[in-house]
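**Student:** Handing you a structure now.
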């Protein structure tokens, strides 16, 4: 296994909550139905998922908005452990970078949400 890239992002939850309040439809633009369901309407959970999407992009050496937001999906296992599933443009980008696995950690408080991502390849020659 080889590391392809790493990414980290931190979101100010109160500021994110203001954006959600001013532009409620942004939730449908940024998050899949599954992400919205898992977040249960809590701003800190949505902020952590937003941080994860940014961290995934950073792990692939691109900036925010380089792929559609919903093409990066944060899934939640029954245990609560997060994982990343890529669709469409994000999956294509990952393939060009040689990344076929993403290891993710999320955390949040009422004030801050953060995500750390390691993109890796099963091919030890990648990266």
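No value in this document is a laboratory result; all are computed from the given coordinates. No experiment lies behind these values; they were computed from the predicted model shown. Reconstructed Cβ throughout: ideal geometry from the backbone, glycine too, with neighbour counts over all protein chains shown.
**Student:** Report whether or not residue 56 is in a loop (DSSP other than H, G, I, E, B), under 13 Å from the mean Cα position of the chain (by Cα) and buried (at least 16 other Cβ atoms within 10 Å of the Cβ).
**Tutor:** Answer is no for this residue.
**Student:** Just the residues that are touching a strand residue (DSSP E or B) at 6+ places or on another chain (Cβ under 8 Å) and either under 11 Å from residue 108 (Cβ atoms) or surrounded by 20 or more Cβ atoms within 10 Å (Cβ to Cβ) (or both), please, taken from the stretch 13-45.
**Tutor:** 13, 16, 35, 44, 45 - these are the residues of the stretch 13-45 that are touching a strand residue (DSSP E or B) at 6+ places or on another chain (Cβ under 8 Å) and either under 11 Å from residue 108 (Cβ atoms) or surrounded by 20 or more Cβ atoms within 10 Å (Cβ to Cβ) (or both).
**Student:** Please work out if residue 77 is more than 20 Å from residue 3 (Cβ to Cβ), within 13 Å of the chain's Cα centre (by Cα) and surrounded by fewer than 15 Cβ atoms within 10 Å (Cβ to Cβ).
**Tutor:** no
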